[in-house]
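The structure under discussion appears below in the form of structure tokens.
Each value in this text was obtained by applying a stated rule to the coordinates, not by laboratory testing. Since the structure is predicted, the reported quantities are computational estimates derived from the model, not experimental observations. FYI the Cβ positions are ideal-geometry reconstructions off the backbone, even for glycines, and counts take in every protein chain you see.
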Amino acid sequence: MSALFTPLKLRSLEIPNRVWMSPMCMYSAAPDGPETGAPTDFHLTHLASRAAGGAGLVMAEATGVRPDGRISPWDLGLWNDRQQEAFARITAAIRSHGAVPAIQLAHAGRKASVDKPWLSDRSLTESEGGWQPVSPSAEPYPGLSVPHELTGEEIQQLVRDFADSARRALAAGFQVVEVHGAHGYLINSFLSPVSNHRTDAYGGSFENRLRFPLQVVDAVREPRRHRHRLGRQGQRPHRQAGRPGTQPGRHQPPKRRRRHRLRPRPARQRHHQRPGHLPDPAELVTAAPLPSFFRAGLRTRVPPAGPTPPGATMAEAYGMVHDSDRGVCPVTSDLERV
């Protein structure tokens, strides 16, 4: 039998198969009032039906860790008790069908406060239910409004917001959390020098730009570090002892992997494909370190694997990393628009 339909065990968590539903924004939550960001009967049906259909893991859409972290006013959120209670009903339904409930925690950063994509996808004003987005620097995403540049204290509050949402997710019954770190949203915008022009501890060098993402990952993992699984969508290199923002001796790659060469994709790695996206080895079910070529990938463009879509830039194109000994591994350089 194909390994696709065999169980996958991650510490104490066993997922019945490797057919997993990816997070997909539905733009169907209440944009204001006491039900703001809370999942509805629509979300219950949407997610529970995938579990009933046999998916081993069902992941809720990109869920804002606070109001200004939503992509649009109609996205889900997890920052208050009402939202937590509504999610608890959904996780119970997913688990009743034998599937594992998962959630993607996110902050849209400078790409937040936009209209539904099939309407205009433009920035919304406050009178339209929008808000001023936030970013490491006051550098707008092309075509969107100018974001507020975060202060040091505001950055630390964001770390706490991610941690609080993770605790709420655990209390609501979720067994897997994925941190959204790609697509030009907040975490990704800290990584890129295109959008991060800071001169403090969160900008400048590569290690400084990596500080906020790693602080978020550590904060999210803390509530149940050894019981539940953390996933991260995005690019993450090795953490080594002595780097700023890390504790000595933590998360060091084993000596036998010192060369960090690409290896074949293990069967247990998460493998899904979203519309318009090639599979990304960074999208794993664990927060495992990635090979060193991702360090260079943050600074350089990856040659496109095929014709670049009209209007797209090199930084949005998808490429292939070739290793003559180990085949071809698809990666993405979907960092920022340049």
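Could you list Ile71, Ile155 in order of exposure, starting from the residue whose Cβ has the fewest other Cβ atoms within 10 Å?
By the 10 Å Cβ count, ascending: Ile155, Ile71.
Find the all-direction average of the projected area of the Cα convex hull for the range 20-114, expressing the result in square nanometres with one decimal place.
Convex hull of Cα atoms, orientation-averaged projection: 5.2 nm².
When the chain is fully extended, how far beyond the present Cα-Cα distance does His148 get from Ala52, taking 0.36 nm per residue of separation?
30.3 nm
For the residues Tyr141, Tyr27, what sequence is obtained by ranking on other C-beta atoms within 10 Å, fewest first?
Neighbour counts put them in this order, fewest first: Tyr27, Tyr141.
For the pair Asp121/Thr45, report the inter-label distance in nm, with labels modelled 7 Å from Cα in the Cβ direction.
2.7 nm
Suppose a student asked you for the relative contact order of the range 111-198, using Cα pairs under 8 Å spaced at least 6 residues apart; what percent would you report?
Value for the range 111-198: 26 percent.
What's the ranking of 113-124, 173-184 by average number of surrounding C-beta atoms within 10 Å, highest first?
173-184, 113-124
Sort Thr125, Thr36 so the one with the fewest other Cβ atoms within 10 Å of its own Cβ comes first.
If I rank by nearby Cβ atoms, fewest first, I get Thr125, Thr36.
Would you mind computing, in nm to one decimal, how far apart the modelled labels at Thr6 and Val194 are, each placed 7 Å from Cα along Cα→Cβ?
The two pseudo-label positions are separated by 4.1 nm.
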